[in-house]
1. With a/c under 1.5 counting as rounded, go ahead and sort region B:403-465 into rounded, prolate or oblate using the C-alpha gyration tensor (a ≥ b ≥ c being the square roots of the eigenvalues; past the cut-off, prolate if a/b is larger than b/c, else oblate).
2. To test your reading of the geometry: what angle, between 0 and 90 degrees and rounded to tens, separates the Cα axis of helix B:520-532 from the longest principal axis of chain B?
3. Report relative contact order for chain B in percent, whole number only (criteria: Cα-Cα under 8 Å, sequence separation at least 6).
4. Does chain B come out rounded, prolate or oblate, given a ≥ b ≥ c as the square roots of the eigenvalues of its C-alpha gyration tensor, rounded meaning a/c under 1.5 and, failing that, prolate meaning a/b above b/c?
5. Restricting to Cα pairs below 8 Å that are 6+ residues apart, what does the relative contact order work out to for region B:382-549? Please round to a whole percent.
6. What percentage of all Cα-Cα pairs in the protein assembly as shown are separated by more than 44 Å?
7. If you take the square roots of the eigenvalues of the alpha-carbon gyration tensor of region B:4-230 and sort them as a ≥ b ≥ c, do you get rounded (a/c under 1.5), prolate (a/b over b/c) or oblate?
8. Please report the antiparallel percentage of DSSP beta bridges with both residues in region A:34-192, rounded to the nearest 5.
């Protein structure tokens, strides 16, 4: 059976880099990789998702509904949405605990979920929710690095060790803000 | 990670983890492509990004984003008539714009070869419909190949280019959204040595190229003959694949193509008994021999496809003609004709015919949906400022018409600006129609600047000539923002050769106001004046795309610190204008009723400051606050 990772967040958060780094790490760990990103309209602060499927029996690129082993989210509400759509029983939602209110919340017509609410609803699905946050990030896009660091520490994906993920992150980012990102990764992974 | 430029210029064969659009672009370089043209539209613009990643002087090919899809196709066709291998790519609905010339192309001897790449969008992920362009192949006598993966996108482009050049006819390559944007490891070949020169090889003797009256029939005969020849080649093509590569035929079989075929193959892996999947590489013309062979060897088949009943209709007709005994199943529900195929959907459809072999997955019960997050205009967007000002100037009952572009999002709450939308450039003429015989309700249409050049100019000329009693608001941001900031005519690569106001004046527009979109009072006043004007009036609301502007500013100066606004809590009277009416995503409404500014989102543009009735929004200097 394929190991499925559903990645989600808000358009503009840099989900593409997160997905690319994860795909590279999965290949480095010896997995066969298939996946896809959402582009276009979704980048304007809408919900965005990216899919990653590890294993040769995954022929199609999208994670089917309710079949994600891991849901990785860059924002709390999107984490809940992603888990409700994709998480399978026994799976884990790992999300970066930042809040971007959608318009329905800002106009007062809908409520924004508290962390406890997210945990409870994920538990109803038979899964578990883990939140991560790192203080004092120089750039919000470094939340990606924090998420990957915690993913490594929790060992949620077979073969994606701290070394493999760290290497893939460095390779994907190239030179830009590399040291700061790796410092965030290490802090979230519990190495600093 | 390999850069786009390396992907396009590496001389030797290599392998890489790549997106479908990029794999296709590399395939273009491997095929020795000389000319590529496009109009940007999801899901295809990344093909252009890959082609543009090579600096202009070093490109072995010519590439341009043209004014619209028809222009793009004509340039590629002209280049092909000159002997140059050409390709043209655009989104699904772009084919409607290009159709007038496309429909002629099968009758032409395209000596250089021409591949027309379509980005269809089952699921309407980023399009105004789910148009099934497989119909166009039949109508235009143009063969159609359908890749399912990034690897196949490259391979089938090479195949399409080679067949197109050999038969001197156009070939469609139909991708869908999640083929374009899929990611997998792809094996690439080397780049060709010594491309043919640029000398023009057009010769009317290759034609004729003028289908008029009696010459139409020999040209049509030729198109039909080439189509038949293509079909014979497809009967033995390796692009048709069998899943699983079984030893003998199973009792049941599935016929499919593209991504739906892979969904079928995944569903079959969980079936109770063996079921074969025939994945067609070419869906027009159909490989009739291959299909008959597959059907004759099986008791029952299921035709599995996305969208319209295209394969189904033709394969059923084929089986009828050949008097095949095979029982043919197909999708049963109206809902099956909508949205994109997934392996669970495939299993559910197959279960309707073969309940002993497949199980429909149980519906997912996940309880109440969380608050939706629809796309929004970015912080600092000039369209938001314009909508806010225009909404205040509109009389009750006014009808607002949207066009395609970022500003289409204005139809959603809280703006509700632009409540009719058909297609690129329609807003002027639809508005003119809504204004006919209408003296009680003002009509205001919106239009972006890329769309202006794309398809709105004939409508504007018409509105000028008829003096249609309406107002057109041209939201000028200087780019094609929605699809990722490709240059449009009048900026970027083409240069500032076409200044909009002068062009509009020359087109005969008599009433025109040109306003900076952040100056809301001025814009409101200009709109009122325009609506009071009897006849066609035009207001330009101008502000650069701030997403592009900020990206470029940060690229130039990575250390750039932008300012921010803040809400002065001592002044805030909780009107919520900023958060709920102006509705910049940067404002945050807290449970205690207070409003603050999100530090990660605000770009410090300050277009919100004027909207606060209590004057509680203040500017912070860079570095101040948190």
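Bear in mind these aren't lab numbers, they're just calculated from the coordinates by the rules spelled out. Everything quoted here is computed from the prediction, not taken from an experiment. Neighbour counts run over all protein chains shown; Cβ positions are idealised from the backbone, glycine included.
1. On the way: a/c = 2.56, a/b = 1.08, b/c = 2.36.
Since a/c reaches 1.5 but b/c is at least a/b, the shape of region B:403-465 is classed as oblate.
2. The answer is roughly 80 degrees.
3. Details: 1263 pairs, mean separation 63.3, N = 626.
It rounds to 10 percent for chain B.
4. Details: a/c = 1.84, a/b = 1.52, b/c = 1.21.
It comes out prolate by the Cα gyration axes.
5. Details: 338 pairs, mean separation 43.5, N = 168.
Reported relative contact order: 26 percent.
6. Details: 103117 of 334153 pairs.
Across the protein assembly as shown, Cα pairs with separations above 44 Å total 31 percent.
7. Details: a/c = 1.76, a/b = 1.28, b/c = 1.38.
In terms of gyration-tensor shape, oblate.
8. On the way: 4 of 14 bridges.
Among the beta bridges of region A:34-192, antiparallel pairing accounts for roughly 30 percent.
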